[in-house]
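Written out below as structure tokens is the structure these notes cover.
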Amino acid sequence: MRPAASAPAPVLRLASVDSTQAVVFALAEGGAPDRTVVLADHQTAGRGRRGRRWVAAPGTSLLVSILVRPARLPALSLATGVAVAEALAQVGGVPARLKWPNDVLVRGRKIAGILVEVRAGVEPVAAVGIGVNLAQETFPPPLAASATSLRLEVGRTPDRDRVLDAVLGAFDAWRGRLAAEGLPPVLARWRALADTLGRTVTVDGLTGRAVDLDEDGALLIDTPAGRRRVMAGELQVG
Ligand code: BTN
């Protein structure tokens, strides 16, 4: 008899934490299983990409981290971007697009951010962190022109658990496809949702036209000096 497929680990719901990423890594050290999910109402030290902070007033956002073990899947961050964009389109009815590598935009404004962190060890583990702006009606000056929320886009705040279910469902599906089929379907879907391709971009001082993703997910940029591959970096349009 084949063993029954194991049910996903339950969602750990917390009021206030420093960072759901830190909680996931602490749980991983204690042996928590793959796909442990940590959800918080508020973070006092939310982490963004490239060492930035991720700040959200209590109760305004979906703040969630997912433990992935072992952390050997390539392109997990691109696949997560695809999953979050699809989930927001499904549950919020918004035209979500992707800015390389994995910012989720609506009408050119950021609605969700994704941070994939890996801890090395005998068995490396990853924490896939997702922050979705749900209820914000305004953003502070540095973000006012570049951020949005589901409330601002559709005129009402969606139920957080419905968004969580949609995000986890899409994440499980795309992670499964990545494991079973490799990168090609993820890259194809990413291209179809891309906001970045065809635009003039600057990534860490390199300026040119973003033309495609390479087979490993690197961004291909045509510059006056020829085609360049960018594996990581901060992308600005223009
Ligand atoms: C980015 O800079 O765009 C990535 C932001 C990721 C934020 C999420 S919120 C839940 C999880 N916990 C964190 O501390 N960060 C991620």
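The values are calculated or read from the model by the stated rules, or taken from the named source; none is laboratory data. This is a predicted model, so every value here is computed, not measured. Note: ideal-geometry Cβ built from the backbone for every residue, glycine included; neighbour counts use all protein chains shown. Note: areas computed on protein heavy atoms with side chains; ligands, DNA, RNA excluded. Shrake-Rupley method; radii C 1.70, N 1.55, O 1.52, S 1.80 Å.
Summary of computed values
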{"item": "Whole-Å semi-axes of the range 36-90's equivalent ellipsoid (Cα gyration tensor)", "result": "21, 15, 12"}
{"item": "Convex hull volume of the range 65-122 per residue (C-alpha atoms, cubic angstrom)", "result": "81"}
{"item": "Gap separating the Cα centres of the range 182-214 and the range 125-176, nearest whole Å", "result": "22"}
{"item": "Point-to-point label distance, R209-R162, nm (Cα→Cβ direction, 7 Å offset)", "result": "4.2"}
{"item": "Compactness index (Cα Rg / 2.2 N^0.38 Å), the range 43-182", "result": "1.02"}
{"item": "The chain, relative contact order in percent, only Cα pairs under 8 angstrom and at least six apart counted", "result": "16"}
{"item": "Fully extended contour minus Cα-Cα distance, from R199 to S16, at 0.36 nm per residue", "result": "61.9 nm"}
{"item": "Peptide ranges 164-176, 93-105 listed from the most packed, as the mean C-beta count within 10 angstrom indicates", "result": "93-105, 164-176"}
{"item": "Karplus 3J(HN,Hα) series, Hz, for the range 31-47 with 6.51 cos²θ - 1.76 cosθ + 1.60 (x for Gly, Pro)", "result": "x, 4, x, 3, 6, 5, 10, 10, 10, 10, 6, 8, 10, 8, 9, x, 9"}
{"item": "Residue-normalised accessible area of the chain, given per residue in Å² at a 1.4 Å probe", "result": "47"}
{"item": "Accessible-area composition of the chain, carbon plus sulfur, in percent [1.4 Å probe]", "result": "54"}
{"item": "Tensor-based shape of the range 162-238 (alpha-carbon gyration tensor, a/c under 1.5 rounded, otherwise prolate or oblate)", "result": "prolate"}
{"item": "Spacing of the two label points (7 Å from each Cα toward its C-beta) at L220 and A9, in nm", "result": "3.9"}
{"item": "Ordering of 154-163, 81-90 by burial proxy (mean other Cβ atoms within 10 Å per residue, highest first)", "result": "81-90, 154-163"}
{"item": "Pair R72, R119: separation of 7 Å Cα→Cβ label points (nm)", "result": "2.0"}
{"item": "The chain: DSSP helices with Cα axial extent of at least 20 Å and average Kyte-Doolittle hydropathy no lower than 0.0", "result": "76-92"}
{"item": "Cα gyration tensor, the chain - rounded (a/c under 1.5), prolate or oblate", "result": "oblate"}
